[in-house]
Amino acid sequence: MTQATLIHPAGTPARYVQPDEAVSRLRVPPEAELPPKLRDIHAGIRRKSGSVPNFVTALSVNPASVLRILTFYEHLFDPANSHLSDLDRELIAVVTSAATGCSYCVFNHRPALAAALGDRVLADRIARNHEDVALAPRERAIADVVHKLAVAPHHVGTADFDRLKALGLSEAAILEVLEISAFFSYGNRLTIALNVQPDAQFFVDPN
């Protein structure tokens, strides 16, 4: 068994016990085997976040896969390139991932959604089922269309776009909503197929 220390509000350490499961169904190469560019990416992520997420580690069996997905992700989530807010983007990530059943990506993006909302409980409720939450009209319309795109894309239609336009989204913003959701559906399916194990930090109590 592997263990990661968690700190609870009272300051008493608890233990998250993770079974001895492989990070991925494919081989995970040691960093020493990776090409220099990918080792530099791993090092940069580690400097910023403290560790390399299992998703990146799992994809490193094919370095080109990591480079492709990270380049796309960094561009999509760069505010300078976006017609959407941080809240919009994280809402799309969580609702899409919940719709496809990708618990890894829900765990990964739920804290950022909580930060954007300023409400951890609300983020948790959205991650469980956004339809049960009294969202603002804009957020509800975005959540509804990306959920539909994830589970029944042929059902997305002009009425969905008209609803978003009426709430102030430009056509460029609507396309970006779809693009981010489609990106997460892609990442979700990779993660599910590889059975990427969740990182221990996903379960650290934020308090």
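The values are calculated or read from the model by the stated rules, or taken from the named source; none is laboratory data. These numbers were taken from a predicted model, which means no experiment stands behind them. Here the Cβ is made from the backbone with ideal geometry for all residues, glycine too, and neighbour counts use every protein chain on show. Surface areas here come from the heavy atoms of the whole protein model, side chains and all, with no ligands, DNA or RNA. Shrake-Rupley method; radii C 1.70, N 1.55, O 1.52, S 1.80 Å.
Quick notes on this one:
- Within the same chain, lysines fewer than 8 places from Lys48 are excluded, and of the rest, those with a Cα less than 20 Å from its Cα are Lys37.
- A simple count of charges around Gln197, restricted to other residues whose Cβ falls under 11 Å of its Cβ and scoring Lys, Arg +1 and Asp, Glu -1, yields -2.
- Answer label for log10 I(q)/I(0) by the Debye sum over Cα atoms at q = 0.10, 0.12 Å⁻¹ (calculated), chosen among [x] -0.47, -0.68; [y] -0.36, -0.53; [z] -0.42, -0.61: [x]
- Angle between the chain longest axis and helix 86-100 axis [Cα atoms, degrees, rounded to 10]: 80
- As a calculated quantity, the FRET efficiency between Ser49 and Ala152 at R0 = 41 Å, using C-beta atoms, amounts to about 0.75.
- Probe 1.4 Å, all protein chains present, accessible-area order of Arg27, Arg89, Arg46, Arg140, largest first: Arg27, Arg46, Arg140, Arg89
- Cα gyration tensor shape for region 86-194, rounded if a/c is under 1.5, else prolate or oblate: oblate
- Partner lysines for Lys148 [C-alpha distance under 18 Å; skip if fewer than 8 residues away on the same chain]: Lys165
- Cα gyration tensor, region 31-77 - rounded (a/c under 1.5), prolate or oblate: oblate
- Applied to region 20-25, the Karplus parametrisation 6.51 cos²θ - 1.76 cosθ + 1.60 on θ = phi - 60° returns per-residue 3J(HN,Hα) values of 6, 10, 5, 4, 8, 6 Hz, with x for Gly and Pro.
- Across region 102-116, coupling constants 3J(HN,Hα) worked out from phi with the 6.51/-1.76/1.60 Karplus curve, θ = phi - 60°, read 8, 5, 4, 6, 5, 4, 5, 9, 4, x, 5, 5, 4, 5, 5 Hz, and Gly and Pro carry x.
- Positive end of the dipole of region 86-194 (Cβ unit charges, origin at the Cα centre): among Ala123, Leu169, Ala141, the Cα lying farthest that way belongs to Ala123.
- The Cβ shell under 12 Å around Asp144 holds other residues with a net charge of +1, Lys and Arg each +1, Asp and Glu each -1.
- Of the residues Val145, Val204, the one with the largest accessible area comes first in the ranking Val204, Val145, computed with a 1.4 Å probe on protein heavy atoms.
- Mean separation of Cα contacts under 8 Å, 6 or more apart, over the residue count of the chain: relative contact order %: 27
- Under Karplus coefficients 6.51, -1.76 and 1.60, residue-wise ³J(HN,Hα) of region 71-77 in Hz, glycine/proline x: 4, 5, 4, 4, 5, 4, 9
- Solvent-accessible surface (1.4 angstrom probe) belonging to Ser103, in square angstrom, nearest 10: 70
- If only the Cβ of Lys and Arg carry +1 and only the Cβ of Asp and Glu carry -1, the dipole of the chain around its Cα centre is close to 360 debye.
- Dipole check for region 31-77: with +1 at the C-beta of Lys and Arg, -1 at the C-beta of Asp and Glu, and the Cα centre as origin, the magnitude is about 120 Debye.
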